[in-house]
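What follows is a short report on a single structure.
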Amino acid sequence: MSDNINFKDLWAKQTSVVPNPENLISEIKKTKQYHLRKLIVTNILLIATSLFIIFIWIHYQPQLLTTKIGIILTILAMAVFLFAYNNSYSLFKSDKNSQSNSDYLKDLLAIKAKQKFMETTMLNLYFILLSIGIGLYMYEYTSRMKPIWGLVTYGITFIWILFNWFYLRPKQIKKQRAKLDSIISKFEMVNNQLNG
């Protein structure tokens, strides 16, 4: 056996499995449908939550200004997030059967850019406004408690916010990015094979 192994030749001889373009297009359509359903569910949940918060404001008539500001900031957080999230509707809705591979790839890259914007800028703004809003809202009610119970209430609330911020949010972001990156890399492979 020879010690002179030519790795370049071995690498060139290797066959790579190119994904089926029809399967990829089907996968893209499923991904777009998933994101569209997620958009609709998010709208329903955040609008229902905002309406419930408004109902609480009207029904219980908070006395302190901090409570009212907290309610406004909480609803503002949801409204700003929904506004930005709903701007991506056209990306998920467009489903032209006559699109070329490069058009599909452009769509995927646009979805990825929008997803990154939502995961960083908008989600950060949402969590900051929501945390401040909840903190201000709770002040009126925790000030009536014994100090130890007020601290416990704030502590539990902010532990939950931190858990969402540092554990659940990154886990979900990583999962979404991996799925989209996988589809994009497969599509780039197909494009390279067709153009190469």
Just give me the residues in segment 127-144 being charged (D, E, K, R) and open to solvent by 70 Å² or more (accessible area, probe 1.4 Å), in sequence order. Arg144
Top-ranked residue in segment 174-196 [being more than 22 Å from the chain's Cα centre (by Cα) and open to solvent by 90 Å² or more (accessible area, probe 1.4 Å); ranked as modelled with the highest pLDDT]: Asn192
Could you look through segment 50-88, keep only residues that are open to solvent by 100 Å² or more (accessible area, probe 1.4 Å) and assigned to a helix (DSSP H, G or I), and pick out the one that is modelled with the lowest pLDDT? Tyr60
Do we find that Leu108 is surrounded by 14 or more Cβ atoms within 10 Å (Cβ to Cβ), under 20 Å from Glu22 (Cα atoms) and of a type in the set (A, V, I, L, M) in this structure? yes
Those residues of segment 145-173 which are charged (D, E, K, R) and either open to solvent by 100 Å² or more (accessible area, probe 1.4 Å) or in contact with a Gly (Cβ under 8 Å, 6 or more places away or on another chain) (or both), in sequence order: Lys146, Lys171
Cβ pairs under 9 Å, 6+ apart or interchain, first in segment 163-178 and touching a residue at least 12 places away in the same chain (Cβ under 8 Å) and more than 11 Å from Leu123 (Cα to Cα), second in a helix (DSSP H, G or I) and open to solvent by 50 Å² or more (accessible area, probe 1.4 Å), ordered by first then second residue, are Arg177/Lys112; Arg177/Lys116
Being in a helix (DSSP H, G or I) and either open to solvent by less than 40 Å² (accessible area, probe 1.4 Å) or modelled with pLDDT of 95 or more (or both) is the filter here, so list the residues in segment 92-105 that pass it. Phe92, Asn101, Tyr104, Leu105
Report every pair of residues separated by at least 6 positions or lying on different chains whose Cβ atoms are under 9 Å apart, first residue within segment 21-47 and free of Cβ contacts under 8 Å to residues at least 60 places away in the same chain, second aliphatic (A, V, I, L, M). Thr42/Leu82; Asn43/Leu82; Leu46/Met78; Leu46/Ala79; Leu46/Leu82; Ile47/Met78; Ile47/Leu82
Has segment 117-126 got at least one residue that is loosely packed, with under 12 Cβ neighbours inside 10 Å, farther than 27 Å from Ser185 by Cβ and at pLDDT 85 or above? no
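The values are calculated or read from the model by the stated rules, or taken from the named source; none is laboratory data. Predicted, not measured: the structure shown is a model, and the values here were computed from it. As a convention, Cβ positions derive from the backbone with ideal geometry for all residues, glycine included, and neighbour counts pool all protein chains shown. Just the protein is used for accessible areas: all its heavy atoms, side chains included, with ligands, DNA and RNA removed. Shrake-Rupley method; radii C 1.70, N 1.55, O 1.52, S 1.80 Å.
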